[in-house]
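The values are calculated or read from the model by the stated rules, or taken from the named source; none is laboratory data. Small disclaimer: the values here were computed from a predicted structure and weren't measured. With ideal geometry, Cβ positions are generated from the backbone for all residues, glycine too; neighbour counts draw on all protein chains shown. What goes into the accessible areas is simple: the full protein's heavy atoms, side chains included, and nothing from ligands, DNA or RNA. Shrake-Rupley method; radii C 1.70, N 1.55, O 1.52, S 1.80 Å.
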Amino acid sequence: MKPHITPPKFVLLSLSNPILNSWLRTILYLPKTIYYLVGIYFSKNKNSDQIRSNLSKLLQLEVFLPSWLYHRLGHQLLRHNQLEEAQSVFRRYTEQHPSKLGSYQCWVKIAKLTQHWDNLYEHLTEAIDLFPHQLNFVHEKKNLLYHIGQIHEVFPLIQKAKINFPDNSSLDIAEAEYFQKIYDYLKARTVLHAAIQKYPTNGELELAEAHNYWLIGDYKLVKERLQRFHSKLDFSKSVLPYKFVIPYLDSLLYLCEYEKLQNFLEQTRLSNIVNRGVIIANCQWLISKEEYDKAKEYIESLSKLPTGKINIANQALLLFELEKIKNIEALKKGNASTLSQYTGESDFGVFLEKLVFFLKNHLQFALLEERLKSVFDKLETLVKKHPVCFMNTAISPLESYRIAQEVTLHIRKKIPFSFIRLGDGEGHYLDYVPYLQSFQKNDRTISQRIWWGEPKINETDWKNLKNTYLNVIQEADILGIPCPWRCARTFLQLHPQKKYLAHESRGIMAILDTLLARQGSDASTKLPILTSCHIHSHLEDLGLWDMILGELENCSVISCHPSIGDVLKEKYGLNVRKMYAIPTEYKYAQLFGYNGEQEHNHYPYFFKKICEELNVAYRGEVFLVAAGFLGKFYCHLIKQKGGIALDVGSAMDYWLGYKTRVWTKYPNPITFEDLIPFTRKL
């Protein structure tokens with residue numbers, strides 16, 4: 001019989017205590033630990049399989065590593081896009097160092113990249129309890145709640161944080177942003193006004209207040225607030241505060257202060273400021289002055305900036321703006337041979353190759369190239385299958401004119417017709433591919449909150465509406481969808497390491513995937529003319545609505561604007577035969593000042609009412625429709641009843657002097673008269 005051997009006391013203690021056990025294993029496996037760490041850090045060419053293998057073996061040892069080593073190891077893996085491996089490291093970091101602030105900061109970072117929202121919510125809640133004096137966790141949780149649609153939890157979170165941080169102005173800004181998120185700009189104004197009284201020298205509060213005035217369209221106050229802020233701007237930095245740029249430019253344009261606008265833009269050109277709004281404004285301004293060479297020189301100077309000073313989405317924007325400048329110059333000078341068209345008659349791949357070449361040296365491009373090519377491949381396939389496409393109206397005035405011609409032709413011949421546009425919001429109501437389906441319910445909730453304040457279409461309703469919606473799209477005669485410019489902007493703004501697409505890009509992909517799937521299902525189906533979903537604004541830029549509506553003496557309207565009849569009469573000489581009034585989009589109720597003007601919601605009450613009562617007085621009657629998502633259904637119904645439906649969208653807001661999109665209209669040297677020589681006559 002073998003004698004019973006009692007292990008030493010320190011061994012028994014270590015086996016019962018996980019931390020001591022890890023320390024003991026660290027001592028025993030020190031050579032292996034060092035070997036695997038070296039293998040991870042110095043893997044040849046950062047070979048992902050080799051890194052994965054060494055990391056797996058290291059974690060299996062269950063050794064105790066210092067927090068700084070976990071921190072460095074995890075970020076090393078992140079730099080090389082090893083998300084799952086970094087997640088394993090940060091998980092172990094949190095387990096072994098649960099009281100370390102850094103472990104939670106790392107876990108938050110990886111959860112955001114992998115888009116594991118449940119895990120992120122749980123860890124942020126724990127972090128706020130463990131580290132009550134770390135305000136960054138409060139802001140992270142606030143942003144997460146907005147992202148996942150749990151907006152009702154934000155206000156209590158901010159109020160609780162205000163108790164712990166009574167003198168922190170960032171929480172006043174956060175509270176104002178909460179009211180902006182629920183589209184109550186008046187309450188946001190009250191919060192900011194009180195905060196400015198408390199912190200009279202705080203520039204961030206001034207900026208936030210000016211941004212809020214911009215949201216409700218009070219441009220005089222925007223300019224007044226931002227004029228004070230302007231003197232404090234640091235033009236030595238490559239980017240100006242985003243809350244400053246667009247509101248300031250819009251206020252100067254709206255108030256016709258062109259000299260100040262020109263001086264500000266010259267200052268941004270000299271300083272190589274690379275905000276998207278600044279780039280577009282400079283190009284538009286120089287085009288309006290017909291200073292094409294100066295505009296091209298400006299683009300060239302920005303394109304030579306180091307990639308660390310300009311993000312990849314703005315780098316791509318430079319190419320689109322350059323193409324636009326060339327096209328407008330060619331049209332103005334009557335030189336058709338230099339027009340660059342990328343329509344159904346051209347090879348879409350040519351433009352993608354040009355874009356790839358333009359971006360290839362950017363630091364982020366290697367991580368985004370596959371994603372960008374995937375979306376452009378889908379666009380190219382659609383363009384090749386559709387007999388007529390004008391997808392580049394963002395850079396080609398001639399393509400916008402051809403769309404206007406098609407609309408005018410149908411009006412003259414009184415041919416029933418549906419012209420609709422699909423943006424990312426409409427895309428959220430088309431089926432997502434399987435790996436994105438877990439996001440769809442929340443995406444739809446967010447869109448409905450923008451449209452109506454709260455979700456109104458439940459799952460049962462949507463089952464009844466879905467087939468109709470697909471027919472609405474299938475039977476459209478002109479269909480606006482996300483164009484190359486919109487796709488490049490959206491997909492290049494995505495964080496290159498994020499595993500899944502974001503809210504806007506998911507809607508865009510659903511549109512492209514749905515159209516591709518339905519194209520293949522029935523070869524005999526008549527395909528619509530494809531164009532940009534922003535065509536309504538491009539038509540306005542060029543004065544082409546004047547050309548289209550100049551064909552009419554009267555029309556009917558579906559809109560939330562009660563005064564649209566007077567505006568159409570004054571602007572286009574049009575009489576409104578029938579006005580179908582709907583509630584305003586919830587997001588813009590305070591901007592329009594129409595709060596509470598309707599007792600009932602757009603859906604289901606007005607939707608059912610209009611569908612039942614809509615009357616087309618004669619074949620070919622034109623309807624101007626500005627009714628958001630449900631407006632697409634109205635356009636379909638109008639066509640079925642023999643009318644012509646034009647989805648004018650936010651262009652109607654513009655006609656009434658409201659700005660409801662980031663798009664800004666600058667003076668344009670091109671008019672539709674300039675385009676006539678380049679196109680066939682009707």
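Sequence-ordered 3J(HN,Hα) estimates for segment 466-474 from the Karplus curve with 6.51, -1.76 and 1.60 and θ = phi - 60° stand at 4, 5, 4, 4, 5, 5, 3, 6, 4 Hz, glycine and proline given as x. Take the chain with all the other protein chains still there, run a 1.4 Å probe, and you get 45 Å² of accessible area per residue. The angle separating the long axis of helix 242-254 from the principal Cα axis of greatest extent in the chain is about 10 degrees. Between the helical axis of 397-413 and the longest alpha-carbon principal axis of the chain there is an angle of about 50 degrees. Cross-link reach is defined here as a Cα-Cα straight distance under 28 Å, omitting same-chain residues fewer than 8 places apart; for K378 the lysines meeting it are K112, K324, K326, K354, K360, K441, K463, K466, K498, K499, K526, K632. Would segment 531-682 count as rounded, prolate or oblate if I go by the C-alpha gyration tensor, calling it rounded below 1.5 in a/c and otherwise prolate when a/b exceeds b/c, oblate otherwise? Oblate. Listed by chain and number, the aspartates and glutamates placed with their C-alpha closer than 14 angstrom to that of K260 are E224, D250; residues fewer than eight positions away on the same chain are left out.
Loop-located GluC sites (Glu not before Pro) in segment 109-154 (DSSP state not H, G, I, E or B) with no more than 10 neighbouring Cβ atoms inside 10 Å do not occur.
Mean residue ellipticity, 222 nm, helices only, the chain: the sum of -39500 (n - 2.57) across DSSP H runs of n ≥ 4, divided by residue count and rounded to 500, is -18500 deg cm²/dmol. When chymotrypsin sites (Phe, Trp or Tyr not before Pro) are flagged only if DSSP places them in a loop and at most 11 other Cβ atoms lie within 10 Å, the longest unflagged stretch of the chain comes out as 43-617. Accessible surface of D546, taken over heavy atoms with a 1.4 Å probe and every protein chain present, rounds to 80 Å². Sequentially through segment 426-437, phi angles give Karplus couplings (6.51, -1.76, 1.60; θ = phi - 60°) of 5, x, 5, 9, 10, 5, 7, 5, x, 6, 10, 5 Hz, Gly and Pro residues having no value and appearing as x. Annotation for segment 113-156 versus segment 602-645: alpha-carbon center distance of 43 Å. Roughly how tilted is helix 154-164, in degrees to the nearest 10 and between 0 and 90, from the longest Cα axis of the chain? The helix 154-164 is inclined about 50 degrees to the chain.
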